[in-house]
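The values are calculated or read from the model by the stated rules, or taken from the named source; none is laboratory data. This is a predicted model, so every value here is computed, not measured. Cβ placement follows ideal geometry from the backbone for every residue including glycine, while neighbour counts extend to all protein chains displayed.
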């Protein structure tokens with residue numbers, strides 16, 4: 001008995017196989033999301049997930065996946081999508097980038113390192129700011145402050161001189 005292969009999925013497998021998506025590409029993946037409303041009816045909507053492709057695994061076989069990373073609200077979010085999943089409506093390639101690696105996992109550490117450097121620079125800049133404020137002080141205020149210092153020093157010197165005379 002010859003069995004006829006049936007297509008049980010709504011995915012256009014030939015289109016997904018032809019999709020030339022590589023690590024380094026920026027893609028927009030439209031995911032079907034089921035929502036149950038107040039009236040107990042199922043509604044599906046499309047939600048876009050746009051980010052950088054870190055890796056593509058297992059080529060075009062049925063278990064093929066690709067990892068997409070994006071930053072939302074200062075937090076890195078990664079999702080792993082099965083290439084032939086019926087939950088994926090469509091995959092758009094937004095931008096192509098030439099990379100020298102097939103897996104870009106180092107991007108995670110690179111971004112974290114940049115954030116740490118940025119925070120350190122801001123902290124250092126925050127420590128320098130009060131000195132800059134002192135430089136902005138008016139000339140008159142500086143003169144008054146200098147006069148007050150000189151007056152205090154003069155009083156101290158006079159007191160020392162008087163103490164020496166009494167001895």
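When the stretch 33-61 is examined, which residues are found to be under 17 Å from residue 13 (Cβ atoms) and in contact with a strand residue (DSSP E or B) (Cβ under 9 Å, 6 or more places away or on another chain)?
Pass one, the stretch 33-61, residues under 17 Å from residue 13 (Cβ atoms): 56, 58-61.
Within the stretch 33-61, 56, 58 qualify.
Residue 38 falls short on exactly one of the conditions (1) part of a loop (DSSP other than H, G, I, E, B); (2) surrounded by fewer than 14 Cβ atoms within 10 Å (Cβ to Cβ); (3) at pLDDT 90 or above, and that condition is (3).
Report yes if some residue within the stretch 102-113 is touching a strand residue (DSSP E or B) at 6+ places or on another chain (Cβ under 8 Å), farther than 23 Å from residue 17 by Cβ, part of a helix (DSSP H, G or I) and at pLDDT 90 or above; otherwise report no. Yes, the stretch 102-113 contains a residue that is touching a strand residue (DSSP E or B) at 6+ places or on another chain (Cβ under 8 Å), farther than 23 Å from residue 17 by Cβ, part of a helix (DSSP H, G or I) and at pLDDT 90 or above. Taking the criterion of being exposed (fewer than 13 other Cβ atoms within 10 Å of the Cβ), touching a strand residue (DSSP E or B) at 6+ places or on another chain (Cβ under 8 Å) and not in a strand (DSSP E or B), the only residue of the stretch 63-85 that qualifies is 63. When the stretch 41-54 is filtered for residues that are over 20 Å from residue 89 (Cα atoms) and not in a loop (DSSP other than H, G, I, E, B), only 54 remains.
Being in contact with a helix residue (DSSP H, G or I) (Cβ under 9 Å, 6 or more places away or on another chain), at pLDDT below 95, in a loop (DSSP other than H, G, I, E, B) and farther than 21 Å from residue 114 by Cβ is the requirement here; does residue 60 meet it? Yes, satisfied.
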